[in-house]
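The values are calculated or read from the model by the stated rules, or taken from the named source; none is laboratory data. Since we're looking at a predicted model, the values are computed, not measured. Quick reminder, even Gly has a Cβ in these numbers, built from the backbone with ideal geometry, and neighbours come from all protein chains shown.
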Amino acid sequence: MVFEEIKVNREKPIPVLFGTDWWSDCDDVAALDILLKAQRCGLVAIKAIGINSVMRYSAPSLKAVCAQYDLGDIPIGLTTSATRKGMLCLYQKKLAAFCPSGLTNADCPEAYQLYRRVLASLEEKAVVLDVGFPGLLMELLQSPPDEMSDLSGIELVKEKVAEVIVMGGRWDRVPGKEYNFSAYKVNRKAAAYLCDHCPVPLTFLGYEVGRDIITGGKAVPGLTGTAYAAHLSAKGRPSWDPMAALFATIGDAETAGYRRVRGRAAVDPESGKNSFVPTEAGPHAYLVKIKEDDFYQNQIDEILMYNEELRKNE
């Protein structure tokens, strides 16, 4: 089991702040599933979850997935400026029915404020993983000092974050274009701002990495399987978000099966197209697979199927 291999070299859990668009694709549910199981195994500690594309059942459906692993107390925040009114997700209402409390979106704080509070309280540096739209990260970086910290958002991230990992962009072509960065004007602006102002190492897992890795097609148990079935992806789905989650959990590029290409990334705020200038001293990197596709597929499917056995072995 991949988690057991990681635990050999992991003295204590890595603090993680997890951002997700959690609205149209079931791969976000798989990414959260991986992180929750990693927490149950003592590999990560999810300090906050920020939903950066908000729909009616966002908070209760996400809490339901956390609660099935007895982790329903993880704080959830919402980026309310990214509310998608009138849009219906294929799985959220189904998952929300399993929420163990009467939680609603209105009960959740602004995601960037939750991030500020959590970061200010940490004694060690966290990893910020975002598999959704970059507006939350822009709001965090642009945030002013407040009662939670006298540091600006950029200063707070510089002091309390070890690395930002983002599922976004397309890096196998120049220029590249990918949905998370190019959909909606605010996301194009936010992706450009993130590249220009992130004060810590920034790593991208691009569209091309997860496109051909099809996972979740083996009768996945629990609410993750419910989400895949409701999304009409019971035969599997490309693994953009779960690959990013597993990479963040493993924490080492070579061990995770990647090579980092270092340099400086940029995103056009008008088109959302990304570009990259390679340089060894660059503050950014994108990931390139160095293993056969089966390597990543088998790891992710093994974790997604690792459900009831997890509880039995604790």
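Values as computed for the structure displayed
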quantity	calculated
Any chance Leu78 is within 23 Å of Ile165 (Cα to Cα), touching a residue at least 12 places away in the same chain (Cβ under 8 Å) and out of contact with any Gly (no Cβ under 8 Å at 6 or more places or on another chain)	no
Test: residue in the stretch 180-187 that is buried (at least 17 other Cβ atoms within 10 Å of the Cβ) and closer than 30 Å to Tyr306 by Cα	yes
Selection from the stretch 217-239 of residues that are at pLDDT below 95 and part of a loop (DSSP other than H, G, I, E, B)	Gly217, Lys218, Ala219, Val220, Pro221, His231, Leu232, Ser233, Ala234, Lys235
Matching option when the condition is hydroxyl-bearing (Ser, Thr, Tyr) and buried (at least 19 other Cβ atoms within 10 Å of the Cβ), among Ser101, Ser143	Ser143
Long-range neighbours under 7 Å by Cβ, at least six apart or interchain, first residue small (Gly, Ala, Ser) within the stretch 123-147, second assigned to a strand (DSSP E or B) and surrounded by fewer than 24 Cβ atoms within 10 Å (Cβ to Cβ)	Ala126/Pro15; Ala126/Val16; Ala126/Lys47; Ala126/Val161; Ala126/Ala162
Test: residue in the stretch 299-310 that is under 30 Å from Pro100 (Cβ atoms) and outside any helix (DSSP H, G or I)	yes
Members of the stretch 148-179 that are over 26 Å from Lys289 (Cα atoms) and surrounded by fewer than 17 Cβ atoms within 10 Å (Cβ to Cβ)	Asp150, Ser152, Ile154, Glu155, Lys158, Glu159
Hits in the stretch 40-77 - residues which are at pLDDT 95 or above and basic (Lys, Arg)	Lys47, Lys63
Enumeration of residues in the stretch 262-298 that are over 15 Å from Tyr207 (Cβ atoms) and among the hydrophobic types (A, V, I, L, M, F, W, C)	Ala266, Val277, Ala281, Ala285, Ile290, Phe295
Single residue of Gly42, Gly77 found to be small (Gly, Ala, Ser) and within 22 Å of Arg10 (Cβ to Cβ)	Gly42
Any chance Leu141 is out of contact with any strand residue (DSSP E or B) (no Cβ under 6 Å at 6 or more places or on another chain) and farther than 25 Å from Tyr228 by Cα	yes
The one condition in (1) at pLDDT 95 or above; (2) closer than 21 Å to Ala126 by Cα; (3) buried (at least 16 other Cβ atoms within 10 Å of the Cβ) that Gly257 fails to fulfil	(2)
Residue within the stretch 178-185 that is closer than 19 Å to Ser143 by Cα and touching a residue at least 24 places away in the same chain (Cβ under 8 Å) present	no
Helices (runs of 4 or more DSSP H) wholly inside the stretch 90-175 that include at least 2 residues being touching a Gly at 6+ places or on another chain (Cβ under 8 Å)	111-121, 135-142
One residue from Lys235, Lys289, Lys218, Lys273 being among the charged types (D, E, K, R), surrounded by fewer than 24 Cβ atoms within 10 Å (Cβ to Cβ) and without any contact (Cβ under 8 Å) to a residue 24 or more places away in the chain	Lys235
Residue list for the stretch 79-114, filter: farther than 19 Å from Gly50 by Cβ and among the small types (Gly, Ala, Ser)	Gly86, Ala97, Ser101, Gly102
